[in-house]
Amino acid sequence: MKGNVIKYDEKNINTDLIIPARYLITSDPDYLAEHCMEDLDPDFNEKLKEMGATIMVGGMNFGCGSSREQAPIALKASGIKCIIAPSFARIFFRNCINIGLPIIEFKDFDELHTSDEIEIEFTEGILNNCSTKQKYKIMRMPPFIQEIIQSNGLVNFARKRIL
Amino acid sequence: MSGQTIAEKILANHFLSGSDIKPDDIIIAKLDLVMSHIGTGKVVIDFRKIRPSKIRKVFDPNKIVVIFDHYNPAPSERWASVHDLIRNFVKKQGIKNFYDIKEGICHQVLPEKGHVRPGMLIVGGDSHTTTYGAFNAASCGLGNTDLFYSYVKGELWFRVPHTIRFRITGKLPPSVMSKDIIIKIAGDHTAEVATYKSIEFTGDTMENLSIASRMTMSNFALELGAKFAFGVPDQKVVDWVKERTTEPFELVKPDPDAIYEKTYEIDVSDLEPQISCPHTVDNVKPISEVAGTKINQAFLGSCTNGRLEDLEIAAKILEGKRIHNDVRMIVTPASQEIWIKAAKSGVSETLINAGAVITNPSCGACFGALGGMLAPSEKCISSSNRNFQGRMGSAAAEVYLGSPATVAASALKGEITDPRDL
């Protein structure tokens, strides 16, 4: 996977900020995407388009708060293809995997900047910052979790394998 | 082999492929109970994707609890339709443990109705499912897709967590509550001190706390990132649970040689009331530093602090008095059982006479989609668990979190007020 970075330095970017409860009247991804991140950055969607950004980098404890799965759904529908942060709240972490949105714990948060182009090789466990020409090792997910992500989420994974 | 923590013991007891586990292992475990609220709606929709339709069955209808608490009574046609969808599903699947709009908040009602027992492994479609740790159950929240999978399979993957321990000692000063302890921990150790981890709360302070006060700690522990948050496994828990169920159970205690990643020592003998200031739970100040901040709304309720002892301490503070003219006070009992008890004991009347609005049991104002919303620039003191920007209405409003005593004292004075000063 290759893409441009949009970075938010804030720690504790919570699920109420990603998608406030006032918009939880639906699980329609497009509607959620329209309001995604708007309390933190009203120009979020425009910036993504302008910069062609698909990889979101955030501060520690990303996705803390409510268990609402609409948070990763909104980000994914906004065009985010991967989320990188030093740490994630555990429910958000699971939710991302379960909807097929790759997520990476990455301690060298300062090494990534808005507009950097980065390339991620999930099976090898390598993150390559093409803009700074630096390579980093990242944690490889256990195979069955990789399979869930590749199936575009747990429901599809379960349909294929188990149900 | 070294000893095991409570989390390790319960997960080992539920591990489907043996019992030898250690932190960081990823295991598949059998679930004792699956709880869901309004999120059940998404489960119903995912169920329709199962083909052929005749195999659309939950794993065990007796191990599922469905409860309405976030949007009670339905505030719009949209939510009425979601309720309708879920009611039909519940009937069709033969789920008997269904609690409709009157009962209250899941985390209060499930223990009250005897669904929660020591040693259980419970998942719920709500982040604050950690609350049942007060009853010595390993319980955690999930999103809707995990919930769907749990409904179908009755099992789920877990990463075995490391355990940290908070040893809390000393006698709590008057008008200082367990909420003040847990907010203090958030302030001192940040909102991610327990991310992915299991917490064990120990020490003489914990032993002396009521079950309700322990529930507050296990509930708010989610705000520290916790996966599980166990209270003290003692006779108080046994007595409480035995009053609610005849099902057998055994307390799960940690081994003396269990390995803890870290132990934090906290002495609460001189603790003053604590406030989580906007907009993160770990932006904590002692009340002396924020006292005098004018407020527009005071909210007493939620799965953190909407229990009888919380209403009682507020009533004690407000007895025979009127809340400040510029403040609206909203009181939302956490369950119908609590509501009835508060009505019988005169607590409700005291609060109403003081000028509070009492609503039906529900998640209420806490999550900003049912009632008690804030206008831009308004400030609210709340006994709930989140003060995130936009949480209770306008993104330009501010929410301060404190104990029920602090909420009542502040409602009385119209500004954030130390309950010890009254």
note = Dividing the helical contributions, -39500 (n - 2.57) per DSSP H run of n ≥ 4, by the residues of chain B yields a 222 nm value, nearest 500 deg cm²/dmol, of -8500 deg cm²/dmol
request  = Enumerate the helices in chain B for which the Kyte-Doolittle hydropathy averages 1.0 or more and the C-alpha atoms extend at least 27 Å along the helix's axis, using complete DSSP H runs.
outcome  = none
ask   = For region B:6-265, what is Rg from Cα atoms divided by 2.2 N^0.38 Å, rounded to two decimals?
value = 1.02
Student exercise, region B:276-421 dipole from Lys, Arg, Asp, Glu Cβ charges, in Debye to nearest 20 = 140 debye
Given charges at beta-carbon only (K, R positive; D, E negative), |dipole| of region B:1-60 in Debye = 640 debye
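How charged is the neighbourhood of A:R68? Take every other residue with its Cβ under 11 Å from the Cβ of A:R68, and add Lys/Arg as +1 and Asp/Glu as -1. All intermediate terms of the calculation are to be shown ahead of the outcome.
On the way: positive: B:K42; negative: A:D16, A:E69, B:D126.
My count for the surroundings of A:R68 gives -2.
Counting DSSP beta bridges in region B:6-265, what percent are antiparallel, to the nearest 5?
Close to 20 percent.
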task = Averaging over all projection directions, find the projected area of the Cα convex hull of region A:4-48 and quote it in nm² with one decimal place.
result = 3.5 nm²
inquiry  = In Å², and per residue, what accessible area does chain A have when probed at 1.4 Å with the other protein chains present?
reply    = 40 Å²
query = Along the principal axes of its C-alpha atoms, what lengths does region B:1-101 span, in descending order and rounded to whole Å?
reply = 57, 33, 23
request  = State in Å² the accessible area per residue of chain B; use a 1.4 Å probe, count heavy atoms of protein chains only, and round to the nearest integer.
outcome  = 35 Å²
key: Debye log10 I(q)/I(0) at q = 0.13, 0.19 Å⁻¹ for chain A, Cα point scatterers   = -0.58, -1.26
inquiry  = At R0 = 25 Å, how high is the FRET efficiency between B:I352 and B:K102 if r is their beta carbon distance? Nearest 0.05 is fine.
reply    = 0.80
message = Over region B:204-350, what portion of Cα pair distances is larger than 26 Å, expressed as a whole percent?
response = 39 percent
query = Looking only at other chains, what is the average number of their beta-carbon atoms within 10 angstrom of each beta-carbon in A:63-74?
reply = 6
key: Using a Förster distance of 41 Å, the FRET efficiency for B:D326-A:Y23 (Cβ separation, nearest 0.05)   = 0.85
inquiry  = Shape verdict for region B:288-422, please, from the Cα gyration tensor: rounded (a/c under 1.5), prolate (a/b greater than b/c) or oblate.
reply    = oblate
Peptides A:96-102, B:319-325, B:43-49, A:44-50 ordered by average Cβ neighbours within 10 Å, highest first = A:96-102, B:43-49, A:44-50, B:319-325
query = When the dipole is taken about the Cα centre of chain B, and only Lys, Arg (+1) and Asp, Glu (-1) are charged at their Cβ, what size is it in debye, to the nearest 20?
reply = 1660 debye
remark   = Between chains A and B, total accessible area buried, probe 1.4 Å, no ligands or nucleic acids, nearest 100 Å², roughly 3600 Å²
query = Label points 7 Å out from Cα along the Cβ direction at B:Y260 and B:D60: separation in nm?
reply = 3.3 nm
inquiry  = Can you list residues from other chains, or at least 5 along the same chain, whose modelled amide H is less than 5 Å from the amide H of B:G203?
reply    = B:I168
note = For the protein assembly as shown, percent of DSSP beta bridges that are antiparallel (nearest 5) comes out at 30 percent
request  = Take the alpha carbon atoms of region B:336-382, find their radius of gyration, then divide it by 2.2 N^0.38 Å using N residues; give the quotient.
outcome  = 1.34
Förster radius 25 Å - calculated FRET efficiency between B:D204 and B:K316 (Cβ-Cβ, nearest 0.05) = 0.50
key: Packing rank of B:209-222, B:66-79, B:357-370, where each peptide gets the mean count of other beta carbons within 10 Å, highest leading   = B:209-222, B:357-370, B:66-79
task = Calculate the length of the line joining the C-alpha centroid of region A:23-55 to that of region B:94-149, in whole Å.
result = 32 Å
remark   = From the Cα centre of region B:172-214 to that of region B:272-346, the distance in Å is 18 Å
note = When all Cα-Cα pair distances of the protein assembly as shown are considered, the percent exceeding 34 Å is 37 percent
inquiry  = Cβ neighbours within 10 Å, averaged per peptide: list B:131-139, B:161-169 in order, most packed at the top.
reply    = B:131-139, B:161-169
note = chain A: antiparallel bridges as % of DSSP beta bridges, rounded to 5, reads 50 percent
task = Identify the residues of region B:178-199 with backbone N under 20 Å of a label point that sits 7 angstrom from the Cα of B:D25 along the Cα-to-Cβ direction, or state none.
result = B:196-199
note = Residues other than B:E192 with Cβ under 9 Å of its Cβ, Lys/Arg counted +1 and Asp/Glu -1, net out at 0
ask   = Average partner chain C-beta neighbours within 10 Å, per residue of B:360-370?
value = 2
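For B:K341, B:K22, give me the order by solvent-accessible area with a 1.4 Å probe, most accessible first, ignoring ligands, DNA and RNA.
Ranked list, largest accessible area first: B:K22, B:K341.
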task = Quick one: what are the phi-derived ³J(HN,Hα) couplings along region B:357-368, Karplus 6.51/-1.76/1.60 with θ = phi - 60°, whole Hz, x for glycine and proline?
result = 9, 9, 9, 5, x, 5, 5, x, 5, 3, 10, x
ask   = Using alpha-carbon positions, what is the distance between the centroids of region B:353-422 and region B:70-85, in Å?
value = 24 Å
request  = Take peptide A:22-31, look around each residue's Cβ out to 10 angstrom, count Cβ atoms belonging to other protein chains, and average those counts.
outcome  = 3
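The values are calculated or read from the model by the stated rules, or taken from the named source; none is laboratory data. The structure presented is a predicted model; accordingly, all values stated were derived computationally and were not measured. Cβ sites come from the backbone with ideal geometry, for glycine too, and all protein chains shown count toward neighbours. What goes into the accessible areas is simple: the full protein's heavy atoms, side chains included, and nothing from ligands, DNA or RNA. Shrake-Rupley method; radii C 1.70, N 1.55, O 1.52, S 1.80 Å.
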